[in-house]
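Here, each number is a calculation from the coordinates, and none is a lab measurement. All values reported here derive from a predicted model rather than from experimental measurement. Here the Cβ positions follow ideal geometry from the backbone for every residue, glycine too, while neighbour counts run over all protein chains shown.
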Amino acid sequence: MKTKFYLAVTLILLGCSSIFAQLNLPRESQRQSVTQTIGDTTVSIVYHRPNVNAREVWGKLVPYAEVWRTGANENTTFEITNDVKINGQNLPAGKYGLHTIPNKGEWTIIFNKVNNEWGSFKYDAKQDQLRVTVKPLKAELQETMLLGFENVKAHTADVVIAWERIKVPFTIDVGDVTGRTLTNIRTQMASLKTDDFRTPAQAAGWVLNSKMSANYEEALKWIDTSIQRRETVGNLYTKARLLAELNRKDEAIATVEKAIAMGKAATPAIDTADLEKKLNEWKTSK
């Protein structure tokens, strides 16, 4: 009888455990995900945000000289879609556990290959991909911990860890965005569908708008491919601008005049005011 009783109790407890395991309960430290595109690279951070709650944080709640999960609950994760440099040091594309070691005058930022642990309790330094040291800065009170991006530029940005009255930045450099983009464009150009006129036009426009003068001749070939497949006001104007940049003004004028005529003849008519303004500039500067 006792055996049957214990078995029944065990089954009931197991049933309760399975029910409890399914509960989606709110957490005191809220989850947040933040994503930033830098050039052609996406950086994603997922973390949980503890509050100060009138507590002494640094050296007490978060001990100095010990590995910290950089937040609450699960370890913070840091994911990048391309190889980058962190404060000048290489970090391969991938998803990492983001841990830190706070100290008064210096923090260690750790990118660990294990990204799915609860906190830093099972942290293994042998799994570190990269460590960098940074200087903490004094800051205004940040009640709820914040990880975010500042100083976002064409190929760099600062990641900032801010909590209480401390702010800890480190820099991401995504490298040669232009070179990678050109490589991707050339790969796509080699396998275009026969009716695709948009991709070569977009590629040529990107080179032109990026003022990549060393690649204007190549861009001219791309825009010619677009025009051969379908002539539009847009791709004609892009070609005209490229020709002007290459000091082939007569050809540029003839091409933009063709674009203007096409725009006026369209139903409904396309606004060609910008094209006419550019035409007058080129005629005046001849």
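Could you sort out which of K193/K278; K239/K283; K258/K286; K85/K138; K258/K278 sit more than 21 Å apart by Cα distance in this structure? Cα-Cα > 21 Å for K193/K278; K85/K138; rest within. Using the Cβ atoms and a cut-off under 12 Å, what net charge is assigned to the surroundings of E231, where Lys and Arg are +1 and Asp and Glu are -1? It works out to a net charge of +3.
Between the helical axis of 2-21 and the dominant principal axis of the chain, each derived from Cα atoms, what acute angle in degrees is found, rounded to the nearest 10? Once rounded, one gets 30 degrees.
Helix 216-229 axis versus longest C-alpha principal axis of the chain: approximately 80°, rounded to the nearest ten.
Using the Cβ of V67 as centre and a radius below 15 Å, the other residues enclosed give a net charge of -1, where K and R count +1 and D and E count -1.
Neighbouring Cβ atoms within 10 Å as the yardstick, rank T183, T225 fewest first.
T183, T225
Take every Cα pair under 8 Å in the chain that's 6+ residues apart, average their separations, divide by the length, and report that relative contact order as a whole percent. It comes to 11 percent, rounded to a whole number. For segment 247-252, putting each phi into the Karplus relation 6.51 cos²θ - 1.76 cosθ + 1.60 with θ = phi - 60° gives couplings of 6, 10, 4, 4, 5, 4 Hz, in residue order, rounded to whole numbers and with x for Gly and Pro. Reported to the nearest whole Å, the Cα centre-to-centre distance from segment 223-241 to segment 182-214 is 12. Dividing the helix sum by the residues of the chain, where each DSSP H run of 4 or more adds -39500 (n - 2.57), gives a mean residue ellipticity at 222 nm of -11500 deg cm²/dmol. Among R69, R180, R31, R49, sorting on how many other beta-carbon atoms sit within 10 Å of each Cβ, with the fewest leading, yields R31, R180, R49, R69. Over segment 26-173, the alpha carbon radius of gyration divided by the compact-protein estimate 2.2 N^0.38 Å works out to 0.97. Here's the list of aspartates and glutamates a cross-link from K167 could span, going by alpha-carbon distance under 15 Å and ignoring same-chain residues fewer than 8 apart: E106, E140, E143, E150, D158. Could you name the lysines whose alpha carbon sits less than 19 Å from that of K126, not counting residues in the same chain fewer than 8 places away? Within reach: K95, K113.
Just the number: Rg to Rh for the chain, Cα atoms, Kirkwood Rh, two decimals.
Result: Rg/Rh = 1.21.
Relative to the longest principal axis of the Cα atoms of the chain, the long axis of helix 198-209 makes an angle of roughly 90 degrees.
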